[in-house]
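Just so you know, all these numbers are worked out from the coordinates, no wet-lab data involved. Keep in mind that what you see is a predicted model, and the values were worked out from it rather than measured. Note: ideal-geometry Cβ built from the backbone for every residue, glycine included; neighbour counts use all protein chains shown.
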Amino acid sequence: MNKKKVPIIVGPTAVGKTRLSLGIAEKIGAEIISADSRQIYRFMDIGTAKPSLAERQLIPHHFIDIRNPDEEYSAGEFGKEARRVIADL
């Protein structure tokens, strides 16, 4: 089985993860999969440190603004969808 490596960047808010991920994605021609539990929700821009629209247009991002705040979304759903996106990429 040919397994590919997927880089993962983790850390607290405001330490530069977005800037680092954009630089890496640009250098290796990758897309970004957000695993932030709050960034999936539309209209919740304050306090979530979402990448700006300009940053999202520069490098494709997945799982940002995909649900309204009143919609449920589970870790299991995220896992299934994220594995599909990773396989497609």
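Of note:
- Here the Gaussian network model covers the chain, with springs between Cα atoms less than 10 Å apart; of 72, 55, 31, 72 fluctuates the most.
- Three principal axis lengths of the chain [C-alpha, angstrom, descending]: 40, 27, 23
- Net charge of the neighbourhood of residue 21, taken over other residues with C-beta under 14 Å away and scored Lys/Arg +1, Asp/Glu -1, is +1.
- Every helix of 4 or more DSSP H residues in the chain counts as -39500 (n - 2.57), and over all residues that averages to -11000 deg cm²/dmol at 222 nm.
- Built amide H within the under 5 Å cut-off of residue 33, gap 5+: 62
- Comparing 58, 32, 21 along the charge dipole axis of the stretch 17-88, the residue lying farthest to the positive side is 21, per the Cβ-charge model.
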